[in-house]
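Once you've had a glance at the structure underneath, I'll fire off some questions.
The values are calculated or read from the model by the stated rules, or taken from the named source; none is laboratory data. Worth saying up front: this structure is predicted, and the values here are computed from it rather than measured. Methodologically, a virtual Cβ is constructed for each residue, glycine included, from the backbone with ideal geometry; neighbour enumeration extends over all protein chains shown.
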Amino acid sequence: MKRTKIKALLNETTFGKEVTVMGWVKTFRNNQFIAINDGSSIQNIQAVVDFNHFEEALLKRLTTGAAIAVTGDLVESLGKGQSIEIKVKSLEILGDSDAEKFPLQPKKHSLEFLREIAHLRFRTNTFNAVFKVRHALAFAVHQFFNERGFTYLHTPIITASDAEGAGEMFKVTTLDFDNTPRNDDGTINFKEDFFGKATNLTVSGQLEGELAALALGDIYTFGPTFRAENSNTTRHLAEFWMIEPEMAFYDLENNMDLAEDLLKYVIRYALDQCAVELDFLKSRLEEEEKQKPQNERSELDLLSKLKFCLENDFERITYTEAIDILKQSKPNQKKQFKYLIESWGADLQSEHERYLVEKHFKKPVILTDYPKEIKAFYMRQNEDGKTVRAMDILFPGIGEIVGGSQREERLEKIEQRMAEMHIPAEEMSWYLDTRRFGSAPHAGFGLGFERLVLFVTGMTNIRDVIPFPRTPKNAEF
Ligand code: 4AD
Ligand code: MG
């Protein structure tokens, strides 16, 4: 089989040569004009058939969704909306599509409806654009780290540890649920299980990443992570992809600089490489926003928002400063927040994060030095005895996009914190060995890949930026 991709043809300026295109029919108008899309671009190519030269029975099969191959001459188009078209000499139906049953008609479908037919939604312009941008961002992530000499580390998906200590894990077992082996005290005997111990899907590759960083220097992971948190929101998935760099000889400042550089680099890459897709997504968002009341619409369009991010330094403030701002904020004073900020120590909800970013600073914000009570055991403790060297990056429309910290490298300090948090040190001796043998200052962070794609594409629901979303009560396809 030999074909030319439509994307390549759309930039063609020499006319007259014969080409073969294969793709899916978007529309067939006036028994003459076929709009064909092969996925290489969101733009279609127009193929023109002279209906006198083709069997009517064949033309009837040019229904939306059918796969076809056309061969013909590339000619200058006289019609509006395209500069070139194909004058069809031969036409073959590769796969019919029953017009009565094909769910994607040439009209606008709601994102909710498309989610129910996620196996077919790739055929729409919106999802073509989203997944092209997703690809570009993934590629840019690897390029960014590769240019800086980082090693891409594949951390395990099945593990026996709970890195975040939040207990939001999916169990991995081969035990027979109808006949589970029990210990004398009635608890399940995991010695009989596949791995001889209780295991789960990883919530983060960080702990293994630290082991490698304290030998290889700079590493990053980029893989699937799993959280059994029952959060049915537009920003949570049960299965999501995370990028976790971990660097030896880094403090929190270095960590923030790297995270900001990474975000700007990948956004710039998408702007450079996905101009057509982002332009389409900008218009899509504008249409969506028209449904909203004026005061809820964004001030900046998608492209301006992305450029704004590149041109401005992220605001860096401490958790304590953020609490002061929030306490005095209008929505707090007027009791408009669902969770009112009353005292230092409160965990920030997404309404607070979004207030800081969208209303107060109007740009990305990095919050540092959170209370130790609301953060994981591995974060470096500050001299004040109350806060840890944590950092969260908050983005407009998203809230938290990055979570990270400088790590506690002092053995006694981390052992003491683990004891306070009832984390069994014996099971983590492999992790603590890094602090026993040549411990060093180090830091890292996790960037939620779907939240990044959400931000760059201007989509509003995280379910629409991953091919097959896994959320509570939903694991279709
Ligand atoms: O803040 P989190 O839980 O941090 C960690 O897992 C650390 N181990 C990272 C590190 O320091 N190496 O998660 C990191 C990021 C969040 O900021 C968010 O962007 C994303 O992962 N994230 C989710 N994305 C989608 N669905 C969920 N349920 C998510 N939970 C976290
Ligand atoms: Mg977090």
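Say whether the condition of being modelled with pLDDT of 95 or more, under 27 Å from the mean Cα position of the chain (by Cα), within 19 Å of G165 (Cα to Cα) and among the β-branched types (V, I, T) is met by at least one residue in the stretch 343-366.
Looking through the stretch 343-366, none of the residues is modelled with pLDDT of 95 or more, under 27 Å from the mean Cα position of the chain (by Cα), within 19 Å of G165 (Cα to Cα) and among the β-branched types (V, I, T).
Here is a yes/no grid of residues against (1) within 15 Å of ligand 1 (Cβ to nearest atom); (2) surrounded by fewer than 22 Cβ atoms within 10 Å (Cβ to Cβ); (3) over 21 Å from K307 (Cβ atoms):
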position	(1), (2), (3)
E358	no, yes, no
K362	no, yes, no
V402	yes, no, no
E408	yes, no, yes
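Something else about it: Within the stretch 424-433, can one find any residue that is within 16 Å of ligand 1 (Cβ to nearest atom) and assigned to a strand (DSSP E or B)? Spell out how you get there, then give the answer.
Pass one, the stretch 424-433, residues within 16 Å of ligand 1 (Cβ to nearest atom): 428, 431.
Retained after the next criterion (residues that are assigned to a strand (DSSP E or B)): none.
Within the stretch 424-433 (the criterion being within 16 Å of ligand 1 (Cβ to nearest atom) and assigned to a strand (DSSP E or B)), the answer is no, since none of the residues qualifies.
So which residues in the stretch 24-71 are over 21 Å from L10 (Cβ atoms), surrounded by 15 or more Cβ atoms within 10 Å (Cβ to Cβ) and among the charged types (D, E, K, R), if there are any at all?
Listed by number, the list holds a single entry, R61.
Got at least one residue in the stretch 385-395 being within 22 Å of A440 (Cα to Cα) and either away from ligand 1 (no atom under 16 Å from the Cβ) or in a helix (DSSP H, G or I) (or both)? Outline the logic, then answer.
The first filter runs over the stretch 385-395 and keeps only residues within 22 Å of A440 (Cα to Cα), leaving 385, 387-391.
Going one step further and asking which of them are either away from ligand 1 (no atom under 16 Å from the Cβ) or in a helix (DSSP H, G or I) (or both), we end up with 385, 387.
Checking the stretch 385-395: at least one residue is within 22 Å of A440 (Cα to Cα) and either away from ligand 1 (no atom under 16 Å from the Cβ) or in a helix (DSSP H, G or I) (or both).
May I pose another question? Residues that are in contact (Cβ under 8 Å) with a residue 12 or more places away in the chain, away from ligand 2 (no atom under 16 Å from the Cβ) and not in a strand (DSSP E or B): does the stretch 398-408 have at least one? So that I can check it myself, show each step before the final result.
Residues of the stretch 398-408 that are in contact (Cβ under 8 Å) with a residue 12 or more places away in the chain, as a first pass: 398-408.
Checking the rest, the ones that are also away from ligand 2 (no atom under 16 Å from the Cβ) come to 408.
Then keep just the ones that are not in a strand (DSSP E or B); that gives 408.
Scanning the stretch 398-408 turns up at least one residue that is in contact (Cβ under 8 Å) with a residue 12 or more places away in the chain, away from ligand 2 (no atom under 16 Å from the Cβ) and not in a strand (DSSP E or B).
T174 is checked against (1) surrounded by fewer than 14 Cβ atoms within 10 Å (Cβ to Cβ); (2) of a type in the set (S, T, Y); (3) touching a Leu at 6+ places or on another chain (Cβ under 7 Å) and fails just one. What number does that condition carry?
(3)
Quick test for you: out of L91, L78, L74, pick the one residue that is exposed (fewer than 14 other Cβ atoms within 10 Å of the Cβ), more than 28 Å from the chain's Cα centre (by Cα) and among the aliphatic types (A, V, I, L, M). Steps first, please.
On the way: L91 fails: exposed (fewer than 14 other Cβ atoms within 10 Å of the Cβ); L74 fails: exposed (fewer than 14 other Cβ atoms within 10 Å of the Cβ).
After ruling out the rest, the residue left standing is L78.
Tally up the residues in the stretch 149-207 that are under 21 Å from F222 (Cα atoms) and in a helix (DSSP H, G or I), please.
Residues that pass the stated criteria total 2.
Residue-wise test of (1) within 19 Å of the chain's Cα centre (by Cα); (2) under 24 Å from A129 (Cβ atoms); (3) at pLDDT below 95.
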residue: L175; (1), (2), (3): no, no, no
residue: K191; (1), (2), (3): no, no, no
residue: A215; (1), (2), (3): no, no, no
residue: E229; (1), (2), (3): yes, no, yes
residue: F240; (1), (2), (3): yes, yes, no
residue: Y265; (1), (2), (3): yes, yes, no
residue: E277; (1), (2), (3): yes, yes, no
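Residues being of a type in the set (A, V, I, L, M, F, W, C) and without any contact (Cβ under 8 Å) to a residue 40 or more places away in the chain: count how many of those fall in the stretch 436-472.
In the first step, residues of the stretch 436-472 are kept if they are of a type in the set (A, V, I, L, M, F, W, C); the result is 437, 440, 443, 445, 447, 449, 452-456, 459, 462, 465-466, 468.
Those still in the list that are without any contact (Cβ under 8 Å) to a residue 40 or more places away in the chain too: 437.
Number satisfying all stated conditions: 1.
Residue by residue through the stretch 136-171, note down the ones that are surrounded by 19 or more Cβ atoms within 10 Å (Cβ to Cβ) and not small (G, A, S).
Within the stretch 136-171, L137, V141, F144, F145, F150, L153, T155, T159, E164, M169 meet the criteria.
One residue is enough: does the stretch 200-209 have a residue meeting the conditions of a type in the set (V, I, T) and in contact (Cβ under 8 Å) with a residue 60 or more places away in the chain? Quick ask: steps written out before the conclusion?
If we filter the stretch 200-209 for residues that are of a type in the set (V, I, T), which is where we start, we get 202-203.
When the remaining residues are screened for being in contact (Cβ under 8 Å) with a residue 60 or more places away in the chain, the result is none.
Looking through the stretch 200-209, none of the residues is of a type in the set (V, I, T) and in contact (Cβ under 8 Å) with a residue 60 or more places away in the chain.
Which condition number does G81 fail, the rest of (1) assigned to a helix (DSSP H, G or I); (2) on the phi > 0 side of the Ramachandran plot being met?
Condition not satisfied by G81: (1).
Can you tell me which residue within the stretch 434-456, out of those that are assigned to a helix (DSSP H, G or I) and over 10 Å from the mean Cα position of the chain (by Cα), is farthest from Y220 (Cα to Cα)?
Initially, the stretch 434-456 is screened for residues assigned to a helix (DSSP H, G or I), giving 434-436, 449-456.
Now drop any that are not over 10 Å from the mean Cα position of the chain (by Cα), which leaves 434-436.
Working: T434: 18, R435: 20, R436: 23 Å.
The extreme case among them is R436.
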